[in-house]
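The structure under discussion appears below in the form of structure tokens.
Derivation of every value follows stated rules applied to the coordinates shown; laboratory data play no part. The model shown is predicted, which means the values in this text are computed figures rather than measured ones. When we count neighbours, we look across all protein chains shown, and the Cβ atoms used for this are built from the backbone with ideal geometry, even at glycine.
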Amino acid sequence: MKTRITEILGMDYPIIQGGMAWVAEYHLAAAVSEAGGLGIIGAGGAPAEFVREQIRKVKEITEKPFGVNLMLMNPEADAIARVIVEEGVKVVTTGAGNPGKYMAMWKEAGVKVIPVVASVALARMMERAGADAVVAEGTESGGHIGSATTMTLVPQVVDAVTIPVIAAGGIADGRGFAAAIMLGAEAVQMGTRFIVARESIVHENYKKKVIGAKDIDSEVTGRSHGHPVRQLRNQMTREYLKREKAGAPFEELEQLTLGALRKAVVEGDTVNGTLMAGQIAGLVSREQTCEEMIQEIMEQARALLKS
Ligand code: TUI
């Protein structure tokens, strides 16, 4: 299946892996790229030199194109933006902010820039700034989210810009893929389903929670201080939401979540860890290789789009 996205980025299938902090390390990125999608190394909150090592490692195990996601709240964002250029990365996605100040440097170096946006206004601004495409990410997504749903955001962004639009949020199978195409998207970005990929280094306990999750098992913490984060309900979210409702200050709430994503991904702490996942976790039912996932999605989508 060819779209402007597969042409620009050089992959076989219009499926991009989300740049999930801690989860999207080089094994997962390489597996997605080898399977014909676009694997992404997620910088998350990592130091710049760690990101450089990840880039070098992914290049050792795949010759396929891959990208790097720069999470703009990372205190080393400036340095990571430079590492992306120095290491010759071809594609960058960004999240949790406006990447405007890096745009000129990246464009000059020939990097394809794909900001993740949660609104039409930011999509327009990014097109004017020279973005090659945008990911329109709905509030169904895991992690840091905006407020518009994928169903409403994607067609509005498609109408507002001429660059290709990639749909994200709530997509995990061929039906979601086909629906995104119907809304005018030219690719999808998926995170939650790839958490449970065989090649994903995420702790078994976390994978089991995603696989066992039902449709309404996610919660959004942090709405009161402007950093809404979607994750699976557990003791941590219950405590957080209780304190948030009682008007706890940001600093106190932040203490609860400090290092909690690492705790979940690396140590498998599903009680006090942050189990970031999207609302589509209820549909994710088994561990498979990235190759199996992508083949299954494309087969189902092809049949639907044909009929
Ligand atoms: O960035 C994401 N998802 C993320 S980042 C992340 S790391 C994190 N860890 C712990 C706590 C909080 C975050 C986990 N998940 N998705 C892309 C995305 N970007 N969603 C929403 C946005 C966004 C929101 C506001 C983009 C821009 C924006 O405002 C831009 C501006 O400044 O105008």
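If you average the sequence gap of Cα pairs under 8 Å that are 6 or more apart and divide by the length of the stretch 214-276, what percent do you get for the contact order?
Here the relative contact order equals 31 percent.
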- [ ] Output the direction-averaged projected area (hull surface divided by four) of the convex hull of the alpha-carbon atoms of the chain, in nm².
- [x] 14.1
TODO: Place the peptides 228-234, 163-169, 194-200, 31-37 in order of packing, highest mean first, counting for every residue the other Cβ atoms within 10 Å and averaging per peptide.
DONE: 163-169, 31-37, 194-200, 228-234
Open item on the list: Can you tell me, using C-alpha contacts under 8 Å and at least 6 residues apart, the relative contact order of the stretch 50-129 as a whole percent?
Closed with: 27
- [ ] Could you tell me which GluC sites (Glu not before Pro) in the stretch 38-84 are loop residues by DSSP with no more than 15 other beta carbons within 10 angstrom of their beta carbon?
- [x] 63
Task: Choice from 246, 131, 109 with maximal GNM fluctuation in the chain (Cα, 10 Å cutoff) - done: 246
Task: the chain: most fluctuating residue of 154, 188, 120 per GNM, C-alpha cutoff 10 Å - done: 120
TODO: State the Kirkwood hydrodynamic radius of the stretch 214-276 in Å, one decimal place, computed from all pairs of distinct Cα atoms.
DONE: 11.7
Open item on the list: Once you order the gyration tensor axes a ≥ b ≥ c over the Cα atoms, which shape class does the stretch 1-82 get: rounded for a/c under 1.5, otherwise prolate or oblate by comparing a/b with b/c?
Closed with: prolate
Task: the chain - mean residue ellipticity at 222 nm from DSSP helices (-39,500 (n - 2.57) per run, n ≥ 4, rounded to 500) - done: -12500 deg cm²/dmol
